1. Which one is surrounded by the most Cβ atoms within 10 Å (Cβ to Cβ), of the residues in the range 471-483 that are in a loop (DSSP other than H, G, I, E, B) and more than 11 Å from the ligand (Cβ to nearest atom)?
2. Please indicate, with yes or no, whether at least one residue in the range 211-234 is over 20 Å from the mean Cα position of the chain (by Cα) and without any contact (Cβ under 8 Å) to a residue 24 or more places away in the chain.
3. Sort through 433, 387 and tell me the only one that's modelled with pLDDT of 95 or more, within 16 Å of the ligand (Cβ to nearest atom) and farther than 21 Å from residue 364 by Cβ.
4. Looking only at the range 66-122, how many residues end up being in contact with a helix residue (DSSP H, G or I) (Cβ under 8 Å, 6 or more places away or on another chain) and outside any helix (DSSP H, G or I)?
5. Identify, by number, the condition in (1) at pLDDT 95 or above; (2) surrounded by fewer than 22 Cβ atoms within 10 Å (Cβ to Cβ); (3) touching a helix residue (DSSP H, G or I) at 6+ places or on another chain (Cβ under 8 Å) that residue 409 doesn't meet.
6. Give me the strands (runs of 3 or more DSSP E) completely within the range 292-394, filtered to those with at least 2 residues that are over 27 Å from residue 425 (Cα atoms), ordered by residue number.
7. For the range 259-274, name all the residues that are within 16 Å of the ligand (Cβ to nearest atom) and either touching a helix residue (DSSP H, G or I) at 6+ places or on another chain (Cβ under 6 Å) or more than 20 Å from residue 401 (Cα to Cα) (or both).
8. When the residues of the range 390-430 are filtered to those that are more than 24 Å from residue 369 (Cα to Cα) and within 16 Å of the ligand (Cβ to nearest atom), which remaining residue is nearest to the chain's Cα centre (by Cα)?
Ligand code: NAD
């Protein structure tokens with residue numbers, strides 16, 4: 001069953017099973033296999049970022065509701081951990097099929113709540129789906145190790161065992177992919193899971209929960225609560241929660257890592273980024289400029305792997321006017337509009353923050369070569385739009401360089417040598433992703449070996465690892481000792 005939500009500009013669909021039928025739909029909780037209305041008296045509005053209309057309300061779950069969700073996970077754990085690996089695998093095999101069948105519907109909800117283009121939203125689901133497909137290999141992934149005759153008459157075995165109740169806290173920018181980084185892998189290994197999606201984009205997670213239930217996941221194996229700080233503190237402190245997966249900002253991530261660890265939990269926290277694209281003068285110009293424009297401005301720059309900083313080395317600085325021309329031609333509109341290359345930012349506050357950071361660039365002596373602050377999008381005058389913006393003559397001490405902007409803004413630095421570029425990248429506090437553009441193999445090798453960054457692309461702008469590898473990150477971009485979803489690696493993942 002689906003319920004139509006009408007709005008002035010959009011009319012879209014939310015599945016009615018997890019929204020109530022009041023005029024502004026309220027997002028339900030998912031507790032013990034049931035979509036239930038919260039009794040909370042604290043609610044948060046969900047806005048369509050293209051119009052700023054209120055399209056729904058999400059509860060801040062009460063303490064009793066959160067307790068009930070953890071108790072449900074805890075009750076479900078022993079039977080689920082004892083369920084054969086083959087049976088758990090079957091649930092995931094059905095799940096990947098249902099996600100494929102519902103991919104467009106999930107994407108539509110993402111575009112409505114998050115603002116990204118439908119193509120980006122489908123990519124968001126698809127990258128999460130790949131993790132679910134990878135989780136289907138659990139029969140190989142969970143193999144332990146053996147050493148016969150480790151000493152006289154003695155063999156040694158190690159097993160991979162589930163921990164118990166695990167929890168996930170997700171950000172707004174990938175409403176499907178990041179929850180799918182979290183619960184499928186934990187659950188296929190026999191853990192039960194408490195998910196707290198971003199309060200700004202809960203819809204995709206709710207539909208994903210319904211599809212998991214339809215795939216045969218027993219009641220209580222996945223529970224969903226909503227909220228902000230109270231829900232986060234609850235997760236960090238609850239003695240029955242054994243591990244936390246977090247993805248989001250440094251402000252929240254470092255707090256959650258510290259508070260969760262203090263309570264004895266295993267915490268993995270993927271956090272902020274300032275990703276550099278280093279452009280060598282011997283790069284393929286056409287390919288490089290196209291890649292840079294897509295990676296800086298796609299999804300309105302609200303990707304943790306966006307290439308938000310370009311370092312033009314030597315004569316590559318001459319390409320700047322052409323870069324500006326390409327960026328100018330991008331079409332900014334609501335994510336569901338045909339031909340849109342980038343949509344709005346998530347909120348008016350995010351727009352104001354991005355505009356202030358652009359202002360800071362001009363005040364501190366940089367040049368605004370392309371200015372998206374005043375953009376007007378016809379038919380969407382109230383949306384949180386910022387057009388592609390390019391700031392050049394940026395120096396590492398400027399605020400627009402130091403802060404993660406998380407908007408469609410490319411800051412451009414120039415150096416004479418590769419060594420200077422490497423120093424800038426390694427002096428930056430973040431180490432999430434980076435790319436070098438060059439046709440010289442020795443240059444590529446030198447760069448990828450000397451930068452201290454989690455993901456490194458060579459002529460690949462957003463080198464997000466496929467799930468059989470892990471999403472890594474170094475320095476301020478990651479806290480914890482096990483990475484998300486794939487094989488654990490101690491150094492960076494490189495794409496060449
Ligand atoms: P956010 O930190 O504001 O929110 C993430 C989650 O933490 C949400 O569920 C939110 O409810 C909760 N939260 C927010 N502030 C909190 C606080 N002060 N205390 C406790 N909990 C809090 O992040 P966001 O704005 O939703 O997402 C954008 C950020 O996520 C960017 O910094 C981006 O780089 C990062 N990100 C990183 C990766 C990665 O893999 N490294 C991937 C995606 C996004």
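1. 480
2. Within the range 211-234, not a single residue is over 20 Å from the mean Cα position of the chain (by Cα) and without any contact (Cβ under 8 Å) to a residue 24 or more places away in the chain.
3. None of the other options fit; the residue is 433.
4. 4
5. The one condition residue 409 does not meet is (2).
6. Counting at least 2 such residues, we get no strands (runs of 3 or more DSSP E) at all.
7. 259, 260, 261, 262, 263, 265, 267, 268, 269, 270, 271, 272
8. Once the filter is applied, the top-ranked residue is 430.
The values are calculated or read from the model by the stated rules, or taken from the named source; none is laboratory data. Nothing here was measured: the structure is a model prediction, and the numbers come from that model. When we count neighbours, we look across all protein chains shown, and the Cβ atoms used for this are built from the backbone with ideal geometry, even at glycine.
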